[in-house]
Every structure is written in structure tokens, then in C-alpha cells.
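Let me begin by presenting the structure, written as C-alpha cells, before commenting on it.
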Amino acid sequence: MKIWTSEHIFDHPWETVVTAAWRKYPNPHNPAVVGLDVVDRKVDEKGILRSHRLLSTSWGLPRWVTTMIGMDRVCYASEHSEVDPQQKNFTLRTRNVTFCNIVTVDEVLVYSPHPEDGSKTQLKQEAVVSVQGVPLCSKMEAIVTETISKNASKGRQAMEWVISLVKTEAQELSTEAVKLSKDAMKLSNEFSSEAKKHFDSVLPHVQHSNTTRNTAL
């Protein structure tokens, strides 16, 4: 068994990072995950969003490893996640489904606000790799662990890419909202101007009618 751990700090608020994490795949910077399917999703009585997703992945292991254990090109993993908006904690727990009787990878990711800077987000990541029932178990565990480390680096790049998209979309929405507000104000001013012109054109006739009526009386 081998244990791999890592910590990373994102220079973005927790809410932004969590939003990006949900939209992380598919992603050109980390092609290891090729598909996602939501099995179940609900909000419990404590307001925690609980999700179960099935990930289609490509581990990128050497050919001799996949040949030895008979691994398919596409493998599947089960992911359970919890988002606690009150405590600002986002936890993902993933275990492979394909060939789990030979290779087991238990991975945990935890996103939380940085303890010293609320404008940043801390990611703690851990993976436990176990290989059994085949030759060179220790060697294979080392290779799988190294692959996880490389994919983690790609995963952080993928997150930054999505965060950039999220920020661009937010800016575009803000710009569009300002434009719509200005257009609405312009229409309001034009309507007020036209209403005033109409009132000014009608007022003399109303005054003349009132004067004529008073004279007749």
C-alpha cells in the first residue's frame, strides 16, 4: 500500500473554486476524465448537497501494466461528494470500480477556505493505492501513485482554466446587466420626454376649453 498526499492553494475565494470544481470536466487540460454521469443528487435536512457520480476515466498507465492486469482503456470510478455551504467545506471521495479486486485507489479531496486568508482556497488531497494478486505489486503501486501525482498537477491547471471561464462569464453577465440597465433608463427617459411633449401639446387645449366653459357660465 502507498499513500500520496498533496496540498495546494488557489488564489480565489471558496465559492469560485467550488463552482469551477463542479464544471471541471470535460477539460482540455486534464483529459484523464472522459465522462461524467450523475447517479444521485439531493440536499439533506442540514442543507448539505450530497451527490453520487460515475466517472469514466483513462489512467494513462504504461501498456505493460494494463496488459498484466487486463485493464480496459476506459475505467470507471464512483465519486461521492458533499458541499456544506454553511461550514464552507467541499469533500469528494472517489474509488475505482474497474478491477477493484486487483488495484484499489481511494482518493479524497477537501476544498476549504484558507485559514489565514479568506480570499484564497485550500485544497488537501490524499490517495491510498493498493495492488494485490499480481506480480510486482510494489512496483505497480509506485507507478499508479506517480500517475496520480501527474494527473493532480493537470487537475489544478484544469481548475484554473475553468475558474478563468467562470470569471469571464461573470464579467460578461455584469456588462450585459449594465447595458440592459442603461437601455431601460434610456427608454424610460424617452417615454418621459414623449409623455411631456404630449402633455404640453394637450394642455393649451384643455385650458382653452376650461376658459370657454367658464365664460359660457
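The values are calculated or read from the model by the stated rules, or taken from the named source; none is laboratory data. Note that the structure is predicted; figures quoted are calculated from it, not measured. When we count neighbours, we look across all protein chains shown, and the Cβ atoms used for this are built from the backbone with ideal geometry, even at glycine. Surface areas here come from the heavy atoms of the whole protein model, side chains and all, with no ligands, DNA or RNA. Shrake-Rupley method; radii C 1.70, N 1.55, O 1.52, S 1.80 Å.
Does at least one position in segment 15-35 carry a residue that is open to solvent by less than 80 Å² (accessible area, probe 1.4 Å) and part of a strand (DSSP E or B)? Before the answer, list the steps.
Kept after step one, since they are open to solvent by less than 80 Å² (accessible area, probe 1.4 Å), are these residues of segment 15-35: 16-22, 24-25, 27, 29-30, 32-33, 35.
Now restrict to residues that are part of a strand (DSSP E or B): 33, 35.
Taking every residue of segment 15-35 in turn, at least one turns out to be open to solvent by less than 80 Å² (accessible area, probe 1.4 Å) and part of a strand (DSSP E or B).
Kindly evaluate GLU194 against the criterion of being in a helix (DSSP H, G or I), open to solvent by 70 Å² or more (accessible area, probe 1.4 Å) and modelled with pLDDT of 90 or more. Give the derivation first.
Details: in a helix (DSSP H, G or I): yes; open to solvent by 70 Å² or more (accessible area, probe 1.4 Å): yes; modelled with pLDDT of 90 or more: no.
So GLU194 does not fit the description; no.
Just one of ILE3, ILE48 is hydrophobic (A, V, I, L, M, F, W, C), exposed (fewer than 13 other Cβ atoms within 10 Å of the Cβ) and closer than 28 Å to GLU116 by Cβ; which is it?
Numbers: ILE48 fails: exposed (fewer than 13 other Cβ atoms within 10 Å of the Cβ).
The unique qualifying residue is ILE3.
HIS80 versus (1) touching a residue at least 60 places away in the same chain (Cβ under 8 Å); (2) open to solvent by 30 Å² or more (accessible area, probe 1.4 Å); (3) closer than 20 Å to THR57 by Cβ: which is the lone unmet condition?
Going through (1) touching a residue at least 60 places away in the same chain (Cβ under 8 Å); (2) open to solvent by 30 Å² or more (accessible area, probe 1.4 Å); (3) closer than 20 Å to THR57 by Cβ one by one, HIS80 breaks only (1).
Looking at segment 96-114, which of its residues are at pLDDT 95 or above and of a type outside the set (A, V, I, L, M, F, W, C)?
ASP106, GLU107, TYR111, SER112, PRO113, HIS114
Spot the failing condition for TYR25; the list is (1) more than 20 Å from GLU82 (Cα to Cα); (2) at pLDDT below 95; (3) touching a strand residue (DSSP E or B) at 6+ places or on another chain (Cβ under 8 Å), and only one is missed.
In the conditions (1) more than 20 Å from GLU82 (Cα to Cα); (2) at pLDDT below 95; (3) touching a strand residue (DSSP E or B) at 6+ places or on another chain (Cβ under 8 Å), TYR25 misses (1) alone.
So how many residues does segment 56-72 have that are modelled with pLDDT of 65 or more and out of contact with any Gly (no Cβ under 7 Å at 6 or more places or on another chain)?
As a first pass, look at segment 56-72 and keep what is modelled with pLDDT of 65 or more: 56-58.
Imposing the further condition that a residue be out of contact with any Gly (no Cβ under 7 Å at 6 or more places or on another chain) reduces the set to 57-58.
Number of matching residues: 2.
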